[in-house]
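These notes are about the structure you will find just below.
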Amino acid sequence: MPTIKFAVLPGDYIGPEVMAEALRVLEHVARQEGLVLEARPADVGGAGIDNHGKALPDSTLRLCERSDAILFGSVGGPKWEKLPPKEQPERAALLPLRKHFTLFANIRPGLLYKELKAASPIKDERIADGIDIVCIRELTGGLYFGKPKETTTLADGDLQAVDTMVYRKSEIERITRTAVETARSRKRRLCSIDKANILETSVLWRRTVSEYVARHAPDVELSHMYVDNAAMQLVRSPNQFDVFVTENMFGDILSDEMAVICGSLGMLSSASIGTGKNSLGLPFGLYEPAGGTAPDIAGKGVANPCAQVLSTALMLRYSFGLEKAAARIEAAVRKAVTGGARTADIAFGGAAVGTRGMADAIIAAL
Ligand code: IPM
Ligand code: MN
């Protein structure tokens, strides 16, 4: 079995704390399954700025290029907030990584175990069995990257800023393919979210998604929804969705909404899949928890490592083709949490375990 090499970029504040535990879980699974994995750590975000003068140091980027995937922690925090926006860890590390590796498909599972229902702000009866949906967000197009993107002084002295929302048909097609594949692995229901009553990009989006599904995936049940309505439907009755797919900015906003209805950010993983293939012939990807660096609880050993552990499972699934190991990790997290091992964010005032204790429970469940 060839060695699978992945870059480990823990980042800042709780990033390294949860990463250490996720790697411990991964080592355990690797030993059980006879996998040969090589974790290659490097600085990113604030750690990159402090140690190399840049949020995404060249040495880190080179290491990622020579790896089969990136396991990412989280970046940013008060220490670097005074820097100009363009140099801040979030913008100067994550966005260039997404662009450099064309990580166009962001897969965010919205999963809430029914045992954790109380963590959700949604009324109990609306989520009787918990929540199980998936957000597929386009990640390298739209307003985030479209040109022109600038601030200019007009002839009358007024200031004007412009961001550009732009999509090519081919970009919409490739994200639709990811969404279709995801829907096929679930209930085969796909909802495409846009603003086709107003936006030109959305008109092309809707037409392209419809044509693609009619042609390549007639087995998938497709619906369309305007984004404002979708924001409302998501809090009214989240499980009416199975998989939804949307453009970059809409997906940024809706996925945060999804995160809050799923209770704790500490439980949500994500995968960003690229156009490139790794040495295994599988998609190169970046895997990261949905939550941030949580500076307020950093250094206390209380952060929830589940999102980082679950992101590791997604890396095994999508970039390494190790479905069995991935499913075993997901089952172990579920078993540990529903069996009562809870970090403070999901303990509802009951007895809580720390970061390490949570990982111990996951390992025990394996
Ligand atoms: C996310 C984040 C990023 C985004 C920021 C940190 C650039 O909010 O991954 O959702 O807006 O995409
Ligand atoms: Mn976001």
* Asked: What number of residues within segment 245-269 are under 20 Å from ARG189 (Cα atoms) and within 9 Å of ligand 1 (Cβ to nearest atom)?
  -> 2
* Structure fact -> Exception for GLU288 within (1) within 11 Å of ligand 1 (Cβ to nearest atom); (2) surrounded by fewer than 24 Cβ atoms within 10 Å (Cβ to Cβ); (3) at pLDDT 95 or above falls at (2)
* **Hey, ASP50 assigned to a loop (DSSP other than H, G, I, E, B), of a type in the set (D, E, K, R), closer than 18 Å to TYR13 by Cβ and modelled with pLDDT of 95 or more or not** => no
* Structure fact -> ALA47: passes all of (1) surrounded by fewer than 17 Cβ atoms within 10 Å (Cβ to Cβ); (2) over 20 Å from the mean Cα position of the chain (by Cα); (3) in contact (Cβ under 8 Å) with a residue 24 or more places away in the chain but (1)
* Within segment 127-161, how many residues turn out to be away from ligand 1 (no atom under 16 Å from the Cβ) and within 20 Å of ILE253 (Cα to Cα)? -> 3
* Which one of these is of a type in the set (Gly, Ala, Ser), closer than 28 Å to VAL18 by Cβ, in the same structural domain as ARG174 (by TED's automatic domain parsing) and within 16 Å of ligand 2 (Cβ to nearest atom): GLY291, GLY251? -> GLY251
* To do: Name the one entry in MET165, MET232 that is hydrophobic (A, V, I, L, M, F, W, C), away from ligand 1 (no atom under 16 Å from the Cβ) and over 15 Å from the mean Cα position of the chain (by Cα).
  => MET232
* To do: Inspect segment 169-182 for any residue being in a helix (DSSP H, G or I), assigned by TED's automatic domain parsing to the domain that holds ALA307 and in contact (Cβ under 8 Å) with a residue 60 or more places away in the chain and give the result as yes or no.
  => no
* Which of the following residues is in a helix (DSSP H, G or I) and of a type outside the set (A, V, I, L, M, F, W, C): GLN233, GLN160? -> GLN233
* **Hits in segment 235-244 (condition: among the hydrophobic types (A, V, I, L, M, F, W, C) and away from ligand 1 (no atom under 16 Å from the Cβ))** => VAL235, PHE241, VAL243
* Structure fact -> The number of residues in segment 183-223 that are part of a strand (DSSP E or B) and under 25 Å from LEU143 (Cβ atoms) is 7
* Scope segment 305-324; condition surrounded by 23 or more Cβ atoms within 10 Å (Cβ to Cβ), closer than 17 Å to GLY285 by Cβ and of a type in the set (A, V, I, L, M, F, W, C); matching residues -> ALA307, VAL309, LEU310, ALA313, LEU314, MET315, LEU316, LEU322
* Pick out, from segment 295-366, the helices (runs of 4 or more DSSP H) lying fully within it that include 2 or more residues that are closer than 21 Å to ILE70 by Cβ and not assigned by TED's automatic domain parsing to the domain that holds GLY130. => 306-318, 323-338
* In this structure, does ARG206 turn out to be out of contact with any Cys (no Cβ under 6 Å at 6 or more places or on another chain) and either touching a residue at least 24 places away in the same chain (Cβ under 8 Å) or within 21 Å of PRO109 (Cα to Cα) (or both)? -> no
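The values are calculated or read from the model by the stated rules, or taken from the named source; none is laboratory data. Here the structure is a predicted model, which is why all the values come from computation and not from measurement. Methodologically, a virtual Cβ is constructed for each residue, glycine included, from the backbone with ideal geometry; neighbour enumeration extends over all protein chains shown.
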